[in-house]
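One structure is given here, and the rest of the page talks about it.
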Amino acid sequence: MNDDLVVGIEPGKVQGHRLPDGTLEWAGIPYAAPPVAGLRFRPPVPPPQWSGVVPATAYAAPPPQADQAEMMAAFRSMLRVSAAAQPPVILPEPSEDCLYLNVWVPARHGSPLPAGGAGGLPVFVWIFGGGFEGGSATPPSTRGDLFANELDAVVVTLGYRVGALGYAWFGDLDPDWADAANLGLQDQLLALHWVRDNIAAFGGDPGRVTVGGASAGAFSIGALLSRPDARALVHGAVLHSGSTWRTFPRERAAAFAATFLEAAGVAPTDLGRLTTLPV
């Protein structure tokens, strides 16, 4: 075991690994309990504590979504990035169990890790885009290793719920569901709390956190920065191709929910069935 790559965080210890270029990577760290069964359509909660050392060497599943392969191929073609330039990454199938994050430390720092806390490396947190309907926090669509080495920063990418699982609003149909609003944003906020509490263990400075994103990631940042509790967690923001206008009034959100329930065959008076239907 590479003891120098075993890091203690709040839930327990995780072991990272070195990429071929020397970049240090911790992949698939849970920052929330799996949002399944009774936690589907519910606010995220921290993961349970674990004992021993958990390997953090494999990427977690992206959130449930339609097949993004054709869209990503077109996007890479537009950017003139060939498929051969992408790292050979085998990703699991999309899953509701998707609330994980990844951490990269630049290759030039090697190990042991640089000292964290005040004076540590700056931190860059990336929120992926995909129209709030898709996307992934992992390579090949999100290259946190490249970010880390180009920025000379500790880089964090995070998974969050998209589509109806992340943004349906049932609070006007049943007050017991009122806290289940903008769950994808709540996921992101919990991940930012994780960064504040744990990033020093990876050599990062929790007092120098910049959050960045494109498209849905940028819209997410615009929404997050409207919250005082989120603004206290970040010290800079980079928004690309998105601002703050991707919002809907409650009346439209309730209408969307009614349409969704009709398609799912669930009565508005029986919202509990939503936790048992196949994804």
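The values are calculated or read from the model by the stated rules, or taken from the named source; none is laboratory data. If you're wondering where the values come from, they're calculated on a predicted model, not measured in any experiment. Here Cβ is always computed from backbone atoms with ideal geometry, including for glycine, and neighbour counts include all displayed protein chains. Note: areas computed on protein heavy atoms with side chains; ligands, DNA, RNA excluded. Shrake-Rupley method; radii C 1.70, N 1.55, O 1.52, S 1.80 Å.
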Quiz item: Under the Karplus relation 6.51 cos²θ - 1.76 cosθ + 1.60, θ = phi - 60°, what is the ordered set of whole-Hz ³J(HN,Hα) values for region 248-262, x standing for Gly and Pro?
Solution: 9, x, 4, 4, 5, 4, 5, 5, 4, 4, 4, 5, 4, 4, 4
Practice problem: For region 97-140, evaluate the Debye formula with one uniform point scatterer on each Cα (no solvent term) and list log10 I(q)/I(0) at q = 0.33 Å⁻¹, rounded to two decimals. | Solution: -1.35
Quiz item: So, counting K/R as plus one and D/E as minus one, what does the shell of residues with Cβ under 10 Å around residue 271 add up to?
Solution: -2
Quiz item: Given a 1.4 Å probe and every protein chain left where it sits, what share in percent of the accessible area of the chain is carbon and sulfur?
Solution: 58
Quiz item: Got a sec? Charge dipole of region 1-40, +1 on Cβ for Lys and Arg, -1 for Asp and Glu; which of 5, 26, 36 is way out at the positive end?
Solution: 36
Quiz prompt | Gained length - residue 260 relative to residue 152, 0.36 nm times residue gap less alpha-carbon distance | solution = 34.5 nm
Quiz item: Taking a probe of 1.4 Å, how large is the accessible area per residue of the chain, in Å²?
Solution: 47
Quiz prompt | About the Cα centre, charge dipole magnitude for the chain (Lys/Arg +1, Asp/Glu -1 at Cβ), debye | solution = 480
Quiz item: Roughly how large, in nm² to one decimal, is the mean projection of the convex hull of the alpha-carbon atoms in region 131-279?
Solution: 10.1
Quiz prompt | Inter-site label distance for residue 275 and residue 111 at 7 Å from Cα along Cβ, in nm | solution = 4.0
Self-check item: the chain: Rg to Rh, with Rh as the Kirkwood radius over Cα pairs
Solution: 0.97
Self-check item: Calculated from backbone phi, Karplus (6.51, -1.76, 1.60) coupling profile of region 207-219 in Hz, x at Gly/Pro
Solution: x, 9, 10, 10, 10, x, x, 10, 6, 4, x, 5, 4
Quiz item: Among 232, 64, 266, which residue has its Cα positioned farthest towards the positive end of the charge dipole of the chain, with +1 placed on the Cβ of Lys and Arg, -1 on the Cβ of Asp and Glu, and the dipole taken about the Cα centre?
Solution: 232
Quiz item: How large is ³J(HN,Hα) for each residue in region 108-120, as worked out from phi by the Karplus curve 6.51 cos²θ - 1.76 cosθ + 1.60 (θ = phi - 60°), to whole Hz, x for Gly and Pro?
Solution: 5, 8, x, 8, x, 5, x, 4, x, x, 4, x, x
Quiz item: What is the sum of charges around residue 178, taking Lys and Arg as +1, Asp and Glu as -1, for the other residues whose C-beta is under 15 Å from the C-beta of residue 178?
Solution: -2
Exercise. Express the C-alpha Rg of region 207-253 as a ratio against the empirical globular expectation 2.2 N^0.38 Å, rounded to two decimals.
Key: 1.21
Quiz item: Stretched out fully, how many nm does the piece from residue 95 to residue 33 gain, at 0.36 nm a residue minus the Cα gap?
Solution: 21.0 nm
Quiz prompt | Neighbourhood net charge (12 Å Cβ-Cβ; Lys/Arg +1, Asp/Glu -1) for residue 196 | solution = -3
Exercise. Mind checking which of 209, 198, 244 is farthest towards the positive end of region 167-279's charge dipole, using Cβ charges of +1 (Lys, Arg) and -1 (Asp, Glu) about the Cα centre?
Key: 209
